[in-house]
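Okay, so here's the structure we're looking at.
The values are calculated or read from the model by the stated rules, or taken from the named source; none is laboratory data. The shown structure was predicted, so the numbers you read here are calculated from the model rather than taken from an experiment. For neighbour counting, all protein chains shown are included, and Cβ atoms are generated from backbone atoms with ideal geometry for every residue, glycine included. SASA here: full protein model, heavy atoms, side chains in, ligands and nucleic acids out. Shrake-Rupley method; radii C 1.70, N 1.55, O 1.52, S 1.80 Å.
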Amino acid sequence: MSQLTESRVTSLGRIALQLGLTLLVAAAGCRSTPTAPPTSASPNAQRLYQWPEKLEDFRFRWYADPNFELTTGWAVPLRAYLESRIVVEYTDDAKAGYPGFERATPSPVQPGSTELLETPYAQREIRMPRGPSTFDDPGQRIVGNEELDVLQTEPIPDGFRAFVCDATFDTYKQAGGASQYVPVKSYPGFQPTDVENMKVWRIEFSSRDSRLAPGAPASPDTPQSGPLPAPQTDVFGPWFVTGALGVGGWSDSDHPDLIQGSPEQQGQFREAQDAETAMRQRCLDRYPLDAAQRAARAQTTLVKPPTVNPATPGWPD
């Protein structure tokens, strides 16, 4: 073998040896420092809530008799639920409810299913309204205040029931690209009346419902009031919403054994409608505007933004 050939072989051998040692060291290094598995968020991790941009100039204002505290106890899940339900409707977004809203409410029943036909009306729209939305304009804004007055609460087995006056006389909508503000319950060719502008909710809660997932956060241990329009974290505690609808829609829940269309069923339906009418009048009697002022609000289109008062009692920051 020539000296040149021998030199090339020797050099190639050295290079191969060096490459082999380098690969062994690299492999050993990889085995000694394994990559940590990715971490996943805790199922109960709390997310901070972001108030929807569409509702930037909209706030809820709550009222109640002096003997009912709005910042503790039953009032906290009641406020969180009804505000969430209204926010979902106005944003046309099922995910827009407050933290905990989805776990504290049943999943919607599929449209057209047999289960839907067997589900009482008060359980069909707990999380969001059914049917076509009137708030699906992507450029639309909701402006003003919605006033919620706790008319009555009472204990029921495993939970409580609340009746709430929902007044929208100071709530307006502004279409995308428009300069005017129209009453929120109006639409072309229709002006709302007291029936539309003063809904009376009946809402029921249970603390022992089997659908409530384990590991729910405890109820807040501090009063829930402050400068924010919504709670930042889950305040529902152990409560699960088992029914929510206007008072007039509860007859089939209260009398499930009656045959649909029977004289007895029709009679109970009329009684529920009459009960809502009577409760609405109680709500109107508590409201600061008289009939003429309410009618004027319902028919007036504004050319300037309405006054927006702060949330009451609001939520902690």
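When Val247, Val241 are screened for being of a type in the set (Val, Ile, Thr), touching a residue at least 12 places away in the same chain (Cβ under 8 Å), buried (at least 16 other Cβ atoms within 10 Å of the Cβ) and touching a Lys or Arg at 6+ places or on another chain (Cβ under 7 Å), only Val247 passes.
Cβ-Cβ distances below 9 Å connect the following pairs, each with a first residue in segment 282-304 that is of a type outside the set (Gly, Ala, Ser) and modelled with pLDDT of 95 or more, a second residue that is open to solvent by 70 Å² or more (accessible area, probe 1.4 Å) and assigned to a helix (DSSP H, G or I), and a separation of six or more residues or different chains: Leu289/Arg297. The residue that is surrounded by the fewest Cβ atoms within 10 Å (Cβ to Cβ), among those in segment 181-213 that are of a type in the set (A, V, I, L, M, F, W, C) and part of a loop (DSSP other than H, G, I, E, B), is Ala213. Annotation note: Cβ proximity below 9 Å between a residue of segment 101-127 that is over 13 Å from Arg211 (Cβ atoms) and a residue that is aromatic (Phe, Trp, Tyr) and surrounded by 14 or more Cβ atoms within 10 Å (Cβ to Cβ) (sequence gap 6+ or interchain) occurs for Phe101/Tyr81; Phe101/Phe236; Pro120/Trp250; Tyr121/Trp250; Ala122/Trp250. Hey, Thr307 hits all of (1) of a type in the set (S, T, N, Q); (2) in a loop (DSSP other than H, G, I, E, B); (3) at pLDDT below 95 but one; which does it fall short on? Among (1) of a type in the set (S, T, N, Q); (2) in a loop (DSSP other than H, G, I, E, B); (3) at pLDDT below 95, the lone unmet condition for Thr307 is (3). Kindly indicate the residue of segment 126-153 that is open to solvent by 50 Å² or more (accessible area, probe 1.4 Å) and more than 26 Å from Ala178 (Cα to Cα) and also farthest from the chain's Cα centre (by Cα) among those meeting that condition. So the residue we want is Gln152. The set of residues in segment 114-168 being closer than 17 Å to Arg286 by Cα and assigned to a loop (DSSP other than H, G, I, E, B) consists of Thr168 alone.
Of Ala218, Ala175, all but one fail to be out of contact with any His (no Cβ under 6 Å at 6 or more places or on another chain), among the aliphatic types (A, V, I, L, M) and open to solvent by 60 Å² or more (accessible area, probe 1.4 Å); the exception is Ala218. Among the residues of segment 45-56, what is the count of those that are modelled with pLDDT of 95 or more and open to solvent by 60 Å² or more (accessible area, probe 1.4 Å)? Number satisfying all stated conditions: 3.
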